[in-house]
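Engineer: This is the structure I have questions about; it appears just below.
FYI, it's all coordinate maths here, none of it is from the lab. Keep in mind that what you see is a predicted model, and the values were worked out from it rather than measured. Counting neighbours? That spans all protein chains shown, and the Cβs are built from the backbone with ideal geometry, glycine included.
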Amino acid sequence: MEDRAGQQGQERHNLRLEKLQHWARHRQSGHLLVLAVSQLWLAVAVVPFAVSVACLNSACHMATALPLGPGALGLLTGIVTLELRRAPRLWKVRAMMILNTINLIFGFIVVVVEVMKTALGPNTTASSTVELKNGLLVVELSAEAFTLGGVLVSAYSLLLLSQRKPGCCRRESLHYQELQQGLSVLEEVPDLENGPEVASTANRTTE
């Protein structure tokens with residue numbers, strides 16, 4: 001019994017792995033490639049802006065460069081996404097879901113904090129200081145935009161992973177179509193059975 005249960009469990013695992021490989025290498029291969037490239041590009045692009053903001057605001061204290069956190073998560077998530085596309089495994093799907101969820105939450109918090117810091121920044125009146133402030137504002141907005149882009153990519157990635165398994169509504173619609181096809185077959189059977197009887201009755205009438 002234990003051997004049979006273990007064999008059935010192995011067969012289910014192999015079936016799930018086969019479906020995952022078909023999903024990652026054929027159905028959603030292009031989407032996974034676009035997600036991975038977007039995550040890697042956004043993670044690399046946010047680094048110079050985050051470092052520039054930290055150097056201009058707090059003498060290059062990296063503890064104040066909050067966008068670096070989502071950038072590092074985005075880099076790791078992009079690598080996992082590429083690995084999932086190259087060699088699909090179930091643990092890579094779980095890792096991708098966990099990393100995207102963390103990146104989505106953490107990135108959203110960083111965007112809110114950075115927008116509040118930008119909105120509540122000190123007002124200056126000197127012309128030179130105003131020019132510096134405008135340049136800093138552009139850099140801050142760029143870092144926030146790249147961080148927000150990473151959040152949106154993570155949200156789309158989670159949406160794509162949630163569509164990996166068909167939903168209940170789709171199963172019900174397929175079941176309903178199968179029932180309709182079965183009923184149509186059953187309706188055709190009496191017609192075929194009544195056909196010879198109708199023909200014989202017609203022949204007797206003519207006779």
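Engineer: Ranking request for peptides 92-101, 139-148: highest mean number of other beta-carbon atoms within 10 Å first, then the rest in descending order. Intermediate results must be reported in sequence, preceding the final value.
Structural biologist: Working: 92-101: 17.7, 139-148: 21.2.
Result, highest mean first: 139-148, 92-101.
Engineer: Order 75-84, 23-32 from most to least packed using the mean count of other Cβ atoms within 10 Å. Before the final figure, lay out the partial values.
Structural biologist: On the way: 75-84: 20.9, 23-32: 15.7.
The peptides rank, most packed first, as 75-84, 23-32.
Engineer: Work out from phi, with θ = phi - 60° and the Karplus expression 6.51 cos²θ - 1.76 cosθ + 1.60, the ³J(HN,Hα) of each residue of the range 29-38, listed in order in whole Hz, and give x for Gly and Pro.
Structural biologist: Those phi angles translate into 5, x, 5, 5, 5, 5, 4, 5, 5, 5 Hz.
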